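Chemist: Handing you this structure, nothing more for now.
The values are calculated or read from the model by the stated rules, or taken from the named source; none is laboratory data. Owing to the predicted nature of the structure, the values given are computational and were not obtained by experimental measurement. Glycine gets a Cβ as well: all are built from the backbone with ideal geometry, and neighbour counts include every protein chain shown. SASA here: full protein model, heavy atoms, side chains in, ligands and nucleic acids out. Shrake-Rupley method; radii C 1.70, N 1.55, O 1.52, S 1.80 Å.
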Amino acid sequence: MPTAASEALRPPTSVEADAPVLRDFGGGPFGIYVHVPFCATRCGYCDFNTYTAGELGTSASPQSWMTALRGELATAAELFGALPSPQPEVSSVFVGGGTPSLLGGEGLAEVLDAVRAHFTLAADAEVTTESNPESTSPRFFDRIRAAGYTRVSLGMQSAAEHVLRVLDRTHTPGRAVAAAREARAAGFEHVNLDLIYGTPGETDADLDASLDAVLAAGVDHVSAYSLIVEDGTALARKVRRGELPAPDDDVLAARYERIDARLTAAGLTWYEVSNWAASEAARCRHNLGYWDGGDWLGAGPGAHSHLGGVRWWNIKHPARYADRVARGGLPTAGWEALTPDESHTERIMLTARLRTGLPLTALTQAERRAANRIITDGLATLTDDHLILTPRGRLLADAVVRTLLTAPD
């Protein structure tokens, strides 16, 4: 790492300048995330880096994005190739957004071809794409399965029509289940359905209907997230004006317990606080790479990358992103090298959420004393020297993390 302040603040942009800045590969799994920034409409709760056609106008398009993506992947592969350790095989690819399925089957096949052109995928690589149920079809699933995708994640959110309206979702209540069945029919073993719970106006009966639909779809993975009112979103403005009530913490806790009980009874086991899988093979390996502190390249507007304790992030706007790539180098907006204390904090924050638990060897003496209090309070158990959250501890996961990280010496 350069010692001059001006060098330390310089983001990685080119092979010649930045191979010394980046640290070696960490020796764990290496994944690639591709960000597709396009959406047909903007959901009221979403604060992701996404854009509708009306917002972009003629400044960017899927074609200009694809050209830039190829350029970024080529430069990144060259940069990684200059590091002391050999570039590892890619263990997972995740195409997210935005709405990747708007690219169609051919477009998503082109994305995976671009990755393969510059990186070597492991023989058993997990390759996931997110999809909006309304922009999928049996032909779509057949095409992406043939292209090499192994996993599909579908945004269902709810089976209740009035809940979908509050969220500004465009798909009909039954479409997500139909899409999941079409994906299974196309040969996908691993299919995920996303749920959002705690939406204003949602009842216990609405949630039960959503869970009934999820289980009827026969998927092997479910993600369930409590609704968060993000600043700057249409939902936040409605809550601020009093048009909608803010999500209630007690209701959210009760809904989480209801979800966990139903999914567990159906044979889907939690492996991360918000994720349940029918088997170890069904777990999302790409996301586990994030939670376990692995290395990954994030390509596309606003995507984040991590390599050996160095993290950087791309320019957000698709047009400016493409322009930077066209002028040469990586489209980096900024970067940071994590200090040992920062790396420790992140490990506690992420690993504590996993069913495998937080190893005591990762904790300081003060944090171990705090862990004993957490166990006494019934928020975690100690199994094989790993601190594992109890059901109540999962509801208070953020508080558990704060207790560990603020433990007095």
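Chemist: Where in the range 1-94 are there helices (runs of 4 or more DSSP H), lying fully within it, with 2 or more residues that are within 19 Å of P331 (Cα to Cα) and at pLDDT 90 or above?
Modeler: It comes to 62-81.
Chemist: Would you pick out the residues in the range 329-355 that are open to solvent by 20 Å² or more (accessible area, probe 1.4 Å), touching a residue at least 60 places away in the same chain (Cβ under 8 Å) and either in contact with a strand residue (DSSP E or B) (Cβ under 7 Å, 6 or more places away or on another chain) or within 30 Å of M66 (Cα to Cα) (or both)?
Modeler: Within the range 329-355, A333, W335, A337, R353, R355 meet the criteria.
Chemist: From the set of residues in the range 203-220 that are more than 25 Å from the chain's Cα centre (by Cα) and under 16 Å from V166 (Cα atoms), which is surrounded by the fewest Cβ atoms within 10 Å (Cβ to Cβ)?
Modeler: In this case the residue turns out to be T203.
Chemist: Here's another thing I want to ask about it. With A322, A380 as the choices, which residue is more than 30 Å from S64 (Cβ to Cβ), of a type in the set (A, V, I, L, M, F, W, C) and over 20 Å from the mean Cα position of the chain (by Cα)?
Modeler: Sole residue among the options that is more than 30 Å from S64 (Cβ to Cβ), of a type in the set (A, V, I, L, M, F, W, C) and over 20 Å from the mean Cα position of the chain (by Cα): A380.
Chemist: Sticking with this structure for a sec: Looking only at the range 356-394, filter to residues that are outside any helix (DSSP H, G or I) and of a type in the set (S, T, Y); which one of those is most open to solvent (accessible area, probe 1.4 Å)?
Modeler: Once the filter is applied, the top-ranked residue is T356.
Chemist: Let me ask something additional. Given the criterion of a type in the set (G, A, S), within 30 Å of R347 (Cβ to Cβ) and open to solvent by 40 Å² or more (accessible area, probe 1.4 Å), identify the matching residue among A224, A254, A281, A277.
Modeler: Testing whether each residue is of a type in the set (G, A, S), within 30 Å of R347 (Cβ to Cβ) and open to solvent by 40 Å² or more (accessible area, probe 1.4 Å) leaves just A281.
Chemist: Okay, next question. For residues that are β-branched (V, I, T) and assigned to a helix (DSSP H, G or I), scanning just the range 161-202, find the one that is least open to solvent (accessible area, probe 1.4 Å).
Modeler: V163
Chemist: Filter the range 289-317 down to the residues that are in a loop (DSSP other than H, G, I, E, B) and under 23 Å from S61 (Cα atoms), then identify the one that is most open to solvent (accessible area, probe 1.4 Å).
Modeler: That would be K316.
Chemist: So which residues in the range 371-389 are free of Cβ contacts under 8 Å to residues at least 40 places away in the same chain, under 17 Å from T351 (Cβ atoms) and in contact with a helix residue (DSSP H, G or I) (Cβ under 9 Å, 6 or more places away or on another chain), if there are any at all?
Modeler: Listed by number, the residues that qualify are A371, I374, L379, A380, T381, L382, D385, H386, L387.
Chemist: Give me the residue from the range 235-245 that is surrounded by 15 or more Cβ atoms within 10 Å (Cβ to Cβ) and touching a residue at least 40 places away in the same chain (Cβ under 8 Å) and, out of that set, farthest from P391 (Cα to Cα).
Modeler: K238
Rundown of residues vs (1) more than 21 Å from T383 (Cβ to Cβ); (2) among the aromatic types (F, W, Y); (3) open to solvent by less than 60 Å² (accessible area, probe 1.4 Å), yes/no style:
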{"site": "D260", "(1), (2), (3)": "no, no, yes"}
{"site": "N287", "(1), (2), (3)": "yes, no, yes"}
{"site": "A319", "(1), (2), (3)": "yes, no, yes"}
{"site": "R327", "(1), (2), (3)": "yes, no, no"}
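Chemist: Moving on to the next point. Might you check whether a residue that is at pLDDT 95 or above, surrounded by 14 or more Cβ atoms within 10 Å (Cβ to Cβ) and assigned to a strand (DSSP E or B) occurs anywhere in the range 395-409?
Modeler: Within the range 395-409 (the criterion being at pLDDT 95 or above, surrounded by 14 or more Cβ atoms within 10 Å (Cβ to Cβ) and assigned to a strand (DSSP E or B)), the answer is no, since none of the residues qualifies.
Chemist: So, one more: Restricting attention to the range 130-160, which residues are of a type in the set (A, V, I, L, M, F, W, C), outside any helix (DSSP H, G or I) and either open to solvent by 40 Å² or more (accessible area, probe 1.4 Å) or over 23 Å from R285 (Cα atoms) (or both)?
Modeler: Those that are of a type in the set (A, V, I, L, M, F, W, C), outside any helix (DSSP H, G or I) and either open to solvent by 40 Å² or more (accessible area, probe 1.4 Å) or over 23 Å from R285 (Cα atoms) (or both): A159, A160.
Chemist: Of everything in the range 46-75 that's aromatic (F, W, Y) and open to solvent by 30 Å² or more (accessible area, probe 1.4 Å), which residue is farthest from the chain's Cα centre (by Cα)?
Modeler: Y51
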